[in-house]
Amino acid sequence: MTRDNGNLIASVCLGAFGIYVISVAARLPYVAEVGPGPGFFPLWLGIGMVVFSACSAFTSFSAAPATKGPGDIETAPKATRALAAWLALMAAIGLFSWIGFGLSFVLLTVFLIVALDRRPALLAVGVGVALALAFHLIFVVALNVSLPVAPWGF
């Protein structure tokens, strides 16, 4: 039986963070006068993280090592790709106040799809615009939650 150490370590870290989230959420009110309280969502998020980290840890012990299929392309080590994705996410968050959520999210999506997944740029732009539009419709229109906007209003 083999073990995927990277996946196991990531699972343990996610599980520890999930336990931390649960401990913080347990100190917040679970219900409020009009519905779920401030502790409701974080508690269930923490529980979900612990459950999924346990599943991930379980799958890190497999009978056979994972093999790459003929269509799998990996040009950089996994850690480098993960770091690039996190840095891109941090850059996108930093750009929120300058170019707004929508454009920042489109740029992030395009980078992730084109640079890390090696897919066509036109596909990436289409996915990015569609996702940004979906976020706008769900949060701004349906839920009346404001997202960061650029100086020009969107």
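The numbers here are math on the coordinates, done by the rules we state, and not lab data. Please read all numbers here as calculations on a predicted model, not as lab measurements. Positions of Cβ are backbone-derived with ideal geometry, glycine not excepted, and every protein chain shown enters the neighbour counts.
Cβ crowding within 10 Å ranks Val50, Val24 as Val24, Val50, fewest other Cβ atoms first.
Ranking Trp152, Gly37, Ile93 by Cα position along the charge dipole of the chain, where only Lys, Arg, Asp and Glu carry charges on their C-beta atoms, puts Ile93 farthest toward the positive end. In terms of its C-alpha gyration tensor, region 78-142 has an oblate overall shape, because the principal axis ratio a/c (a ≥ b ≥ c, square roots of the eigenvalues) is not below 1.5 and a/b does not outweigh b/c.
Using the Cα gyration tensor of the chain, with a ≥ b ≥ c the square roots of its eigenvalues, what is the shape: rounded (a/c below 1.5), prolate (a/b larger than b/c) or oblate (neither)? It is oblate, given that a/c is not under 1.5 and a/b is not larger than b/c. Once the C-beta distance of Leu137 and Leu83 is scaled by a Förster radius of 35 Å, the resulting FRET efficiency is 0.60 to the nearest 0.05. Only the Cβ atoms of Lys and Arg (+1) and of Asp and Glu (-1) were treated as charged; on that basis the dipole of the chain about its Cα centre amounts to roughly 220 debye.
Take each peptide in 25-35, 115-125, count the other Cβ atoms within 10 Å of every residue, and average; sorted highest first, the result is 115-125, 25-35. Phi angles across region 102-110 convert, under the Karplus curve 6.51 cos²θ - 1.76 cosθ + 1.60 with θ = phi - 60°, into 3J(HN,Hα) values of x, 5, 4, 5, 5, 4, 4, 4, 4 Hz, Gly and Pro given as x.
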